Amino acid sequence: MSEFVDPERQAMKIIRQIGDEASESGQPLDRFVVDDQFTKQLIDELVASGIVQFAGDVKLRGTTMFQGMNLTLKGWERYAQEKRGELKGSYGFIALQFEDPDLDSFVRNVVKPAVEEEIEYDLVDMRDVARVGVIDDIMRVQIRDADFVIVDLTHDNSGAYWEAGYAEGLGKPVVYICERTKFQERGTHFDTNHCTTVLWSQDEPERFRQELIAILRRSLEGSS
């Protein structure tokens, strides 16, 4: 079974690619080759919506080569909004330390199902993203395009703190979580110990689930 491709995210990827390359060169893209009908249809719709423009196209052996491709003023506005993290996403992002069996199990069996079932958002982490490229750049894009970010502070992971700061700087709703015993014994960094933190325990998954969903709903309502 082929993997479902979210049209909205794929369309934003096209806008980002055109914007990045045109910004760097200062010129429209000389050529933009498309070899599947799905992407071609998205480009046609972006053109019809007044977001993308091109000078001409050439069809050859199942491919379409768009020439002189660029963004319109409307497209550049959308590109800039996406760069500033102002566009709402269709998923949440979770930052955490990997290779902790207890945490991995809790995220897989409690956190992700709670988010998917209660507020109907996918919840992804970097292990779900199979892309070629610099990991830091990929992570920035994932956070920038997310609608909210959950950050686990159980391990005082510096990467998780950085991801939280990046998300906060973009104005994304950020929800902190931490394993209960760790939080009660050692707390978290002083920059976050005043923030609302949902405590989790393998013994009380339902209590955590209810608290997390309540906070997420309030956060998303407040950002709409």
### Structure-based [θ]222 nm, the chain - -39500 (n - 2.57) summed over DSSP H runs of at least 4, per residue, nearest 500
-14500 deg cm²/dmol
### Stretch in the chain that is longest and holds no chymotrypsin sites (Phe, Trp or Tyr not before Pro) that DSSP places in a loop and that have at most 14 other beta carbons within 10 Å
5-97
### Task
Just flag the GluC sites (Glu not before Pro) in the range 60-124 sitting in loop per DSSP whose Cβ has no more than 13 other Cβ atoms within 10 Å.
Glu86, Glu99, Glu120
### Query
What is the set of long-range amide H partners of Trp200 at a cut-off below 5 Å, with H atoms built 1.01 Å from backbone N?
Cys178, Glu179, Arg180
### Message
Going through the cross-link list Lys13/Lys112; Lys13/Lys40; Lys40/Lys74, which pairs have a Cα-Cα distance over 23 Å in this structure?
### Response
Lys13/Lys112
#### Entry: Fraction of beta bridges assigned by DSSP in the chain that are antiparallel (%, nearest 5)
45
### Dipole-positive endmost among Met139, Gln184, Ser25 within the chain (Cβ charges, Cα centre)
Ser25
### Query
Of Lys40, Lys172, how do they rank once you tally other Cβ atoms within 10 Å and put the fewest first?
Lys40, Lys172
## Note on the structure
In the range 1-129 the DSSP beta bridges are antiparallel at a rate, in percent to nearest 5, of 80
### Query
Label points 7 Å out from Cα along the Cβ direction at Phe98 and Ile213: separation in nm?
3.0
### Summary
Sorted by chain and number, the residues with a modelled amide H under 5 Å from that of Thr72, at a separation of 5 or more or across chains, are Val52, Gln53
## Note on the structure
Rounded to whole angstrom, the alpha-carbon centroid of the range 163-196 lies from that of the range 17-75 at a distance of 41
## Note on the structure
Checking the range 163-224 for trypsin sites (Lys or Arg not before Pro) in a loop per DSSP with at most 10 other beta-carbon atoms within 10 Å yields none
### Query
Which of the lysines could a cross-linker span from Lys172 if the Cα-Cα distance has to be under 18 Å and same-chain partners fewer than 8 positions apart are dropped?
Lys83, Lys88
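Laboratory data are not the source of any read-out in this text; all were calculated from the coordinates shown. Please read all numbers here as calculations on a predicted model, not as lab measurements. Counting neighbours? That spans all protein chains shown, and the Cβs are built from the backbone with ideal geometry, glycine included.
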